[in-house]
Amino acid sequence: MTTSMDETRIRTEGLNLFYGPKQALKSVSVDLKKSRVTALIGPSGCGKSTFLRALNRMNDLIDDVHVEGKVLIEGVDIYDPKVDVVELRKRVGMIFQKSNPFPKSIYENVAYGPRINGVNDRSKLDEMVERSLRQAALWDEVKDDLTKSGLALSGGQQQRLCIARAMAVNPEILLMDEPASALDPIATAKIEELIYQLKSTYTIVIVTHNMQQAARVSDDTAFFYLGELIEMDETKKMFTAPSKKQTEDYVTGRFG
Amino acid sequence: MRSSDLYTRKFHVSEFLAEKLIAATAFLSFAVIILIFVFVFREALPIFSSSEPATHDEAVQEEVETYGEEALGEASQLRAAEEKERRAGSIEHVEGNASLRNLLSTDWQPVSGEPKFGLLPLIVGSLKVSLIAILLAAPLAILAALYTSTFAPKRVKEILKPAIEILAGFPSVVIGFFALIVLATFVQDLFGTMYRLNAFVGGVALSLAVIPIVYTIAEDAIAAVPKSMTEASLALGATSWQTALFVTLPAATPGIFAAVLLGVGRAFGETMIVLMATGNAALMTFNVTDPVRTMSATIGAEMAEVVFGDTHYNVLFLIGSILFIFTFTLNAVAEFYIRRRLLRKFRGG
Amino acid sequence: MRNAPWLGTLTVVGSGAAALTIILLVVVVMANILIGGWDTLSWEFLSAAPTEGMTAGGVFPAIVGTFLRVILMSIVGVPIGAITAIYLSEYASQRSIFARFIRFAVNTLAGVPAIVFGLFGLGFFIQFVGGGMDRAFGDGVELRWAQPNLLWASLTMALMTLPVVIVSVEEAMRNVPRELREASLALGASRWQTVYKVVLPNSITGLLTGGVLAVSRGAGEVAPILFTGAAYFLPHLPNSLSDQFMELGYHIYVMSTQSPDVEATMGIQYATTLVLLLLTFSLNFAAVYLRYRMRKRAIA
């Protein structure tokens, strides 16, 4: 690998995750680097989404989840009991497969994060909302109807609104769970373009089903199969000369 | 470096308080059940601790031991009540003897010279009226539920469901009033019964209150039968009525059984309807056209007039305890059946 | 027999007839009370107090008593019910024993007969709490709290209608999509912030429905107040929590069973019943409408 240790932003060490008796992740150890986009690929049920949700502890919401091993974000183990999970999630934002704007106005959707952090000053909020919407490349489309309901937007716009909303809390890492799977090709292209622009500022981890998408947007790719990390490398190498047979079979479409 | 402050887990006071407060409030429902147990039974308790009327002090002692300090107040109040009676003096008040033999006798004459607290006629009365009510209500409600969920055209369904919701919204005192004024006369004209108000009139009126409960839960149970099951039957060439009768209904049986149990519970505990429509005579007969006095109606009619703390008062609480235990048991059994059905549903069985 | 055509006809016709019978019963009862009470019902009837030993006049005090009681009941019962629903839907893990106990308690509470609640009100609120208050604050002679009154009747009613509120609010909360909760939590909102800012605003209709249903149930139920606060006749309106009160349902009960000349007051009895019926109906209709809107939105 060409990158050195101190560029690592997220590192997992022997991460095991169980839903009740069922093991969903098997000893996953991985380094995810700053200012890069990492794609997680693999067939359905391979653990890639579970892994993503382990990175901001969204799995905590499910009864019966049990985690072993370490997830270090900038050297801090986020499963340490001393870690504040609320603080963690502010640092590690998440975009979901199905866009999920609140049934509130566009403005209030983006202002939600700042507001729960105690920002109530109107001009400050205005500024944060505008900046986030610009970053999400949505500002020009919605600037005249910020009071319109977020649910009135098109699917692609809704997803960008969710990205803007996530960025309004100034995270360092953005986790994306198949963010474009429900969108048409044009909206998908916009999201991909956005990801490309955001990677200078954020560490991005994206789960995708779509090989071409992984190839287009990511710098590194990790291949999961049956809860195990089979292989991780630079995307270019993963798609042209993977070192494992399973990876090759998957990226060439022989299974999955 | 921002990462270090991830460690400084803040103690969110409001978050902590909110969670504790919410859990404590939720606990209230559970506490109320316990309190009902304790406070209804506690007022019935003196019956069992004193078989002789003169040993009231003993009963008081018993209470002190059982309930600790707060019972002291209660005890003094009991004494005060006794004291007041003694001072009143003019009416010779006879402390009733509520021995087991008295309780199991067939006479309910709580305010006669020698009070008789025989619970049997009341228990028989409650059972009789409830039985009539459930025999009328259950077939009607279950058939109507079957009709709604399998045969009814959409338009009919849209009338039927609100109609039943309206029936469920009838205050029981309104049904009681209707039974007292209209139904009783109608039944007497129709069958020429000797008494206007009797067990049958009460049972019919009560069935109006029971129908919505049985209907709602039975309909729910029938609707919960997996579509795959009924579709399989239809695909084999069965008609819709054959499917309804031989597939849907048997599959929904546990839920329907629960519906009937809850209906019985409602009938057994209902007060205003029976109080107004059954004639309230504590007769120990099995004739459905005789007037009847149920347990709930007895409490409703007599509690306002008893002396707090005397035997009659305690016996009324004992009746309440029996009602509570009975409905509690029915609910627990019904819930067991409903849960089992749900479990089966989730397993896809 | 399993394919006998007569059995098919019998099933369809029989179940249809059962449904029709129920509808007819509802219509007959409603029509009877509407026709019987219509002539007596007037503005004066609603706004005047009973006169001439309750053989004439109106039911104003009973209406006031009913309203006071349900308002007090809601002030206590709706928040408790809503918070319990929040606990069950948002805080409790589905497997926790504590939550299962509470769920069982709520179901049990729903099945406890109204008259038993009355006994509980008498034994707990009047004798125990009221008695304690009198001993603590009273002069030891006059009973102020250890007797039936508006407060104890309302509290008894609040406990009785608790399950109605809980079930309705919980249903509404479960209709709030999980995605919205996740969105909020992923933005670094705490659990309470998520409940307060996302779940609650989206289940307001359920809260309203629960409240309205509880009020409707409470307004029509007489058994628990027979000996916890209702009075036959009072010359003045209640002006404190420790006063007794007149009440519509109780009024119907005493007028139709205990007045010396039942025939003479038949019009008043019918009209009072009609007032109570209209009151509970409008409340039920409101609840049905709200629930319909809520479910439609949940599907959309």
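The values are calculated or read from the model by the stated rules, or taken from the named source; none is laboratory data. From a predicted model like this one, the values you see are computed outputs, not experimental measurements. Ideal geometry is used to build each Cβ from the backbone, glycine not excepted, and the neighbour counts take in all protein chains shown. Surface accessibility is based on the protein's heavy atoms, side chains included, excluding ligands, DNA and RNA. Shrake-Rupley method; radii C 1.70, N 1.55, O 1.52, S 1.80 Å.
One table, with the values for the structure above:
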item: Test: residue in region B:188-195 that is crowded, with 19+ Cβ neighbours inside 10 Å and either part of a helix (DSSP H, G or I) or at pLDDT 95 or above (or both); result: no
item: Looking only at region A:44-56, and only at residues there that are in a loop (DSSP other than H, G, I, E, B) and buried (at least 20 other Cβ atoms within 10 Å of the Cβ), the one that is nearest to the other protein chains (Cβ to nearest Cβ); result: A:56
item: Those residues of region C:241-292 which are touching a residue at least 60 places away in the same chain (Cβ under 8 Å) and small (Gly, Ala, Ser), in sequence order; result: C:242, C:249, C:259, C:264, C:267, C:271, C:286, C:287
item: Test: residue in region B:280-302 that is out of contact with any Cys (no Cβ under 7 Å at 6 or more places or on another chain), modelled with pLDDT under 90, buried (at least 18 other Cβ atoms within 10 Å of the Cβ) and of a type in the set (Asp, Glu); result: no
item: Criterion: more than 20 Å from residue A:199 (Cα to Cα) and of a type in the set (D, E, K, R) - qualifying residue of A:31, A:60; result: A:60
item: Only listed residue being within 27 Å of residue A:26 (Cα to Cα), in contact with a Gly (Cβ under 7 Å, 6 or more places away or on another chain) and within 13 Å of chain C (Cβ to nearest Cβ), chosen from A:60, A:84, A:64; result: A:64
item: Members of region C:114-141 found to be more than 10 Å from every other protein chain (Cβ to nearest Cβ) and farther than 25 Å from residue C:247 by Cα, listed by number; result: C:133, C:137, C:138, C:139, C:141
item: Qualifying position, being over 16 Å from the mean Cα position of the chain (by Cα) and small (Gly, Ala, Ser), among A:215, A:222; result: A:215
item: Criterion: in contact (Cβ under 8 Å) with a residue 40 or more places away in the chain and among the polar types (S, T, N, Q) - qualifying residue of B:148, B:230; result: B:148
item: In region C:256-265, the residues that are within 12 Å of another protein chain (Cβ to nearest Cβ) and either buried (at least 23 other Cβ atoms within 10 Å of the Cβ) or more than 30 Å from residue B:295 (Cβ to Cβ) (or both); result: C:263
item: Given (1) in contact (Cβ under 8 Å) with a residue 24 or more places away in the chain; (2) surrounded by fewer than 21 Cβ atoms within 10 Å (Cβ to Cβ), number of the condition residue B:270 does not satisfy; result: (2)
item: The lone exception for residue A:100 - which of (1) assigned to a strand (DSSP E or B); (2) within 11 Å of chain C (Cβ to nearest Cβ) it fails; result: (1)
item: Helices (runs of 4 or more DSSP H) wholly inside region C:146-243 that include at least 3 residues being away from chain B (no Cβ under 11 Å) and surrounded by fewer than 23 Cβ atoms within 10 Å (Cβ to Cβ); result: C:150-174, C:178-186, C:204-220
item: Qualifying residues in region B:157-187 (those that are closer than 25 Å to residue C:213 by Cα and open to solvent by 40 Å² or more (accessible area, probe 1.4 Å)) - the one farthest from the other protein chains (Cβ to nearest Cβ); result: B:158
item: Residues that are at the interface with another protein chain (Cβ under 7 Å from one of its Cβ atoms) and either open to solvent by 50 Å² or more (accessible area, probe 1.4 Å) or not β-branched (Val, Ile, Thr) (or both), drawn from region B:28-41; result: B:28, B:29, B:30, B:35, B:39
item: Residue in region A:70-79 that is in a loop (DSSP other than H, G, I, E, B), of a type in the set (A, V, I, L, M, F, W, C) and more than 22 Å from residue A:216 (Cα to Cα) present; result: yes
item: Pairs, first facing chain B (nearest Cβ under 7 Å) and touching a residue at least 24 places away in the same chain (Cβ under 8 Å) in region C:7-27, second of a type in the set (Phe, Trp, Tyr) and part of a helix (DSSP H, G or I), C-beta under 6 Å, six or more apart; result: none
item: Subset of region B:249-278 [part of a loop (DSSP other than H, G, I, E, B), within 16 Å of residue B:207 (Cβ to Cβ) and more than 8 Å from chain C (Cβ to nearest Cβ)]; result: B:278
item: Qualifying position, being more than 8 Å from chain B (Cβ to nearest Cβ) and crowded, with 17+ Cβ neighbours inside 10 Å, among C:103, C:95; result: C:103
item: Test: residue C:37 is surrounded by 12 or more Cβ atoms within 10 Å (Cβ to Cβ), more than 10 Å from every other protein chain (Cβ to nearest Cβ) and modelled with pLDDT of 90 or more; result: yes
